[in-house]
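Participant: I have a structure I would like to understand better, so I am pasting it below and will then ask my questions one at a time.
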Amino acid sequence: MQVEILGSVTEFKQQNGTLTIKTAEAEARVYLYSPTIIRINISKKHSEADTSFAVIQQLLTDFKLDESATTIEINTSALKLRINKSPLRFNFYTADSKPLSEDDERFGTNWQNERVITYRKLYADEKFIGLGEKTGNLNRRGTVYTNWNTDAVDYTLYSDPLYKTFPFFIGLHSGLTYGLFFDNTHKSYFDFGATTDEQMSWFGADGGDMNYYFFGAQGVAKIIEDYTWLTGRMEMPPLWSLGYQQCRWSYMSAKEVLDIAKTFRKKKIPADVMYCDIDYMEGFKIFTWNKKTFPDPKSMMDELKSMGFRLVTIVDPGIKIEEDYQQYNEGLANDYFAKYPNGENYTGYVWPGRCHFPDFFRQDVREWWGAAFTALTDAGVDGFWNDMNEPAAWGQNMPWIVKFGDKYMPEVRNAYGMEMARATYDGTRKILGNKRPFVLTRAAYSGTQRYAAVWTGDNTGTDEHMLLGQRLVNSLGITGLSFTGVDIGGFSGDPTPELMVRWNSLGTYTPMFRNHAIKGSKMREPWQWDKANEQIIKKDIEQRYKLLPYIYSSFYQSHTTGLPISRTLAIYKPFDELIYDTRFQNQFMFGDALLVAPVESTKTTTDVYLPKGNWYRLSSNEKYKGGKTVNVPSPLTDLPVFAKAGAIIPMQSVTQSTADSGDGILQIHIWNGKEANEFVYYEDDGLSYDYENGAFYKRTIRFNPIKKTVSLSAVEGTFSSRFHKVKFVLHGFDRVKLKNVLLDLKDGEMEVIF
Ligand code: MIG
């Protein structure tokens, strides 16, 4: 094998927003997407098609070059790209010339046959965060990762790869931040200085182009904003999907589904969603119902709906090979399945037995797949769970000679799950008309946030997995995936009652709050854990429902800025060393105002690191001074959660589901602080796309400690709030007249002096 390292520039030209640079080995192209985003594409064989699964923005058609004898420079208001001509190297600086990220002078970009790698200089204090669903520590320095979407059955705390691919990371050094998105769906590799004598970090792939987007904004949040501008942001989720979700592999009959739903209502434990895992189908055939156990899906759905429940049903990609099965016949007749190069359909074994796999890379196949959901929507289902889309087949090794679209499996495997989620989303959105579908997917690639929520697959019922799960959720948030969850309780193994209780309390503060378990495990519903534990779990689920106005507004923030709901403290305090300490690395901000410290079920006290500033324990209003570690009680009844001084948190009274209209009182809770603060409150019908046409209710809540006021700006949007009164509740204020005031909610500006 030969190594070819990029040599010297032989010629370059700029045309239509593209700077093209030639060397004897390859051709590099440089494009500007915004003053903070520059794309580099280095290739031996440029494809004019230049498609991306992830990127939805267009390049800028004009930028200025500064040339010297040895360099070509692109200078924007925020960023300097200095291109060395001999040899060709790409070095990024801030506008005032501080190094952000530079090629390794010796090796830069190079090839070993088809494999393409870029080596970069490693800075002494450099840290790395990102890559989404990856095990290991928050700071990824000193570790290596591979992207190759995998059905990671029983994964451990160290397994890699898992189900998803997000080749995007953020580097932090010298008080500066940068981001890098390597948009390449081949099997890819990242080495954050693991085995390079602390000299280099590197990334590359088995094939394709060295195609990356460099982000030069300062601040982790700003980089996430830019990355999600480039790859898209989530839409507003259906409000019901933010309620409590009860899943299991599987509730075996309509009767069992209904019995569980009724028990929630009887026990007054709030819940919104029930699930049907694979056993609702006839012989695991996608888009069928088992006629014996689910004889009348429509009436089951009607009954669920009358109780305020929604249903999510699972679909896998594998289409059973069976004569007279509609999807098989149609797929065969229209040639919709993935193939070998000789034209034979690929066959793999999954739950239904021998299966063919839809070629989701084709528009016609996606449309066909999407239209088939009427089998579920006709009954009234509006949630769709996409499993096994790595794609998984028994043996876990789909031959590399299987073709999807015009590409072979190794080139596009990492995007298969995304394309399935896209087909599911587009199809069901069309069928449901103006109603928001809920799509959940296991496999994903960058940009999947446009179509679906994700969960972290088959975890295990241990304390270590609960903490790892939180890191996965926090890390997914860095890569644009805001709507995320883990199987609460752990998919495999039976959690102890203590762990189940603790994990549920963390579920309150997880973007998607879903309890799920493997076949054969003990039943997991909140009432399976003795009376005392049931009461704690109930309280935690109630807390989720109280917080829904805050959570929904936080989703709106994510929809508009890309900031996740669960935020690693690296977003908030990237240069605070202690947040990377393995004792504190699982901590996160849940929205703008709450800091959550996950803690093992076995610990009744725990150390928490509170960043600078003042904090209040949410459960007691006890005040803490930050900038240090504190030891706090952490009984099973009270997960350590802290409100930031100045926090503004809109809440409501407990409801039994999001369909329940509640008492009509919007509570605005404020925790005392020295600095003024504001929060954007957002509401809409929670169900339709009317918000895209102005049918929302939005207002800014302001807290001003100097003027001693809390105010609401005038309403923006045409939607009428479901609340008709507003209650201001003040915490941590000693000498004020009013701690609590109830007023009629008016559309115009409102202000209270306390
Ligand atoms: O081969 O549908 O990760 O959540 O319950 C296992 C059965 C297939 C794997 C999913 C899990 C789901 C299970 N599925």
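The values are calculated or read from the model by the stated rules, or taken from the named source; none is laboratory data. These figures come from a predicted structure and were not determined experimentally. A quick note on method: Cβ atoms are made from the backbone with ideal geometry, for glycine too, and the neighbour counts reach across all protein chains shown. Just the protein is used for accessible areas: all its heavy atoms, side chains included, with ligands, DNA and RNA removed. Shrake-Rupley method; radii C 1.70, N 1.55, O 1.52, S 1.80 Å.
Participant: Under 15 Å from the Cα of Lys603, which aspartates and glutamates turn up, not counting those fewer than eight places away in the same chain?
Facilitator: Result set, ordered by chain and number: Asp463, Glu464, Glu498, Asp638.
Participant: On a straight-distance basis, which lysines could pair with Lys430 in a cross-link, Cα separation under 21 angstrom, same-chain partners fewer than 8 positions away excluded?
Facilitator: The qualifying lysines are Lys298.
Participant: Continuing with this model, one more query. Please go through the stretch 113-166 and write out the chymotrypsin sites (Phe, Trp or Tyr not before Pro) that DSSP classes as loop and that have at most 14 other C-beta atoms within 10 Å.
Facilitator: Details: sites: Tyr119, Tyr123, Phe128, Tyr145, Trp148, Tyr155, Tyr158, Tyr163; in loops: Tyr123, Trp148, Tyr155, Tyr158, Tyr163.
Qualifying residues, ordered by number: Tyr158.
Participant: Quick one: what are the phi-derived ³J(HN,Hα) couplings along the stretch 382-387, Karplus 6.51/-1.76/1.60 with θ = phi - 60°, whole Hz, x for glycine and proline?
Facilitator: With the stated coefficients, the stretch 382-387 comes to 9, x, 9, 9, 9, 10 Hz.
Participant: Whole number please: convex hull volume per residue of the Cα set in the stretch 663-753, in Å³?
Facilitator: Values: hull volume 8.7 nm³, N = 91.
About 95 Å³ per residue, rounded to a whole number.
Participant: Add +1 for every Lys or Arg and -1 for every Asp or Glu among the other residues with Cβ under 11 Å from the Cβ of Gly694, and state the total. Before the final figure, lay out each step's value.
Facilitator: Working: positive: Lys698; negative: Asp684, Asp690, Glu692, Glu716.
The answer is -3.
Participant: Rg to Rh for the stretch 358-451: what is it, with Cα atoms only and Rh by Kirkwood? Please list the in-between numbers first.
Facilitator: Values: Rg = 13.5 Å, Rh = 13.7 Å.
That ratio equals 0.99.
Participant: Also, quick follow-up: Per residue, what accessible area does the chain have, given a 1.4 Å probe and all protein chains present, in Å²?
Facilitator: For the chain, the solvent-accessible area averages 36 Å² per residue.
Participant: Which loop-located chymotrypsin sites (Phe, Trp or Tyr not before Pro) does the stretch 364-415 contain, where loop means any DSSP state but H, G, I, E or B and the Cβ has at most 13 other Cβ atoms within 10 Å? Write out the running numbers ahead of the final one.
Facilitator: Details: sites: Trp368, Trp369, Phe373, Phe384, Trp385, Trp394, Trp400, Phe404, Tyr408; in loops: Phe373, Trp394, Trp400.
Here the sparse-neighbourhood loop sites are Trp394, Trp400.
Participant: Taking Cα pairs under 8 Å and at least six residues apart, what relative contact order does the chain come out at, in percent?
Facilitator: On the way: 1874 pairs, mean separation 76.8, N = 754.
10 percent.
Participant: Now, a different point. Pop out the carbon and sulfur fraction of the accessible area of the stretch 663-753 as a percent, whole number, probe 1.4 Å.
Facilitator: Working: 2320 of 4760 Å².
Its accessible area is 49 percent carbon and sulfur atoms.
Participant: Which residues' amide hydrogens lie under 5 Å from the amide hydrogen of Ala695, considering only partners 5 or more residues apart or on another chain, with H built in the peptide plane?
Facilitator: Residues meeting the criterion, in which the H sits 1.01 Å from N, are Thr718.
Participant: For Asp660, what is the net charge nearby, where nearby means another residue's Cβ is under 14 Å from its Cβ and Lys, Arg count +1, Asp, Glu -1?
Facilitator: On the way: positive: Arg265, Lys268, Lys305, Arg310, Arg544, Lys546, Arg722; negative: Asp272, Glu542, Asp663.
That works out to +4.
Participant: Sticking to Cα atoms, compute the Rg of the stretch 279-412 to one decimal and its Dmax as the biggest Cα-Cα distance, whole number, in Å.
Facilitator: Rg, Dmax (Cα atoms, Å): 15.9, 53.
Participant: Summarise the long-distance tail of P(r) for the stretch 1-78 by giving the % of C-alpha pairs beyond 21 Å. Kindly include the intermediate steps, with their values, before the conclusion.
Facilitator: Numbers: 985 of 3003 pairs.
Distances greater than 21 Å cover 33 percent of the Cα pairs.
Participant: Excluding Gly591 itself, calculate the net charge of residues whose Cβ lies under 11 Å from the Cβ of Gly591, where each Lys or Arg counts +1 and each Asp or Glu counts -1.
Facilitator: Values: positive: Arg567, Lys644; negative: Asp592.
That sum, taken over residues with Cβ under 11 Å, equals +1.
Participant: Here's a follow-up. Just flag the chymotrypsin sites (Phe, Trp or Tyr not before Pro) in the stretch 4-51 sitting in loop per DSSP whose Cβ has no more than 10 other Cβ atoms within 10 Å.
Facilitator: Working: sites: Phe12, Tyr31, Tyr33; in loops: none.
Filter output for the stretch 4-51: empty list.
Participant: For the stretch 233-282, I need the span (max minus min coordinate) of the C-alpha atoms along each principal axis, in Å, sorted largest to smallest.
Facilitator: Extents along the principal axes: 36, 31, 12 Å.
Participant: Tell me which residues come under 5 Å, amide H to amide H, from Arg248 once H is placed; ignore anything under 5 positions away on its chain.
Facilitator: Correct list: Tyr275, Asp277, Ala517.
Participant: Which part of the stretch 123-148 falls in the paramagnetic zone of Glu577, meaning amide N under 19 Å from the point 7 Å along Cα-to-beta-carbon?
Facilitator: The answer is 123-129, 138-142.
Participant: Taking the alpha-carbon centroid of each part, what is the distance from the stretch 701-754 to the stretch 624-700 in angstrom?
Facilitator: 14
Participant: Please report the base-10 log of the normalised intensity I(q)/I(0) for the stretch 257-321, using a Debye sum with one equal scatterer per alpha carbon and no solvent, at each q in 0.16, 0.22 (1/Å).
Facilitator: So the normalised log intensities work out to -0.56, -0.91.
Participant: Could you list which residues have their amide H under 5 Å from that of Phe588, counting only those 5 or more apart in sequence or on another chain, with H placed in the peptide plane?
Facilitator: Long-range HN contacts for Phe588: Val596.
Participant: Let me ask something else about it. Go through the stretch 569-586 residue by residue and turn each phi into a ³J(HN,Hα) via Karplus (6.51, -1.76, 1.60, θ = phi - 60°); whole Hz please, and just put x for glycine and proline.
Facilitator: Per-residue couplings from phi come out as 5, 5, 6, 7, 9, x, 10, 8, 3, 5, 5, 8, 4, 4, 6, 10, 5, 8 Hz.
Participant: Which value does Rg/Rh take for the stretch 3-231 over its C-alpha atoms, Rh per Kirkwood? Kindly include the intermediate steps, with their values, before the conclusion.
Facilitator: Details: Rg = 16.8 Å, Rh = 17.9 Å.
In the stretch 3-231, Rg relative to Rh is 0.94.
Participant: At a Cα cut-off below 17 Å, give the lysines reachable from Lys539, other chains included and same-chain residues fewer than 8 away excluded.
Facilitator: Lys539 reaches Lys266, Lys267, Lys268, Lys531.
Participant: Right, something else. Just the C-alpha atoms of the chain: what Rg/Rh do they give, with Rh taken as the Kirkwood radius?
Facilitator: Details: Rg = 26.2 Å, Rh = 27.1 Å.
Rg/Rh: 0.97.
Participant: Would you mind finding the longest exposed-site-free stretch of the chain, with exposed GluC sites (Glu not before Pro) meaning DSSP loop and at most 10 other Cβ atoms within 10 Å?
Facilitator: Values: sites that count: Glu48, Glu323, Glu344.
It runs 345-754.
Participant: Just list whichever of Lys164/Lys320; Lys573/Lys708; Lys612/Lys674; Lys164/Lys573 have alpha carbons separated by over 18 Å in the model shown. Intermediate values should be presented prior to the final figure.
Facilitator: Numbers: Lys164/Lys320 25 Å; Lys573/Lys708 28 Å; Lys612/Lys674 13 Å; Lys164/Lys573 27 Å.
Listed pairs above 18 Å: Lys164/Lys320; Lys573/Lys708; Lys164/Lys573.
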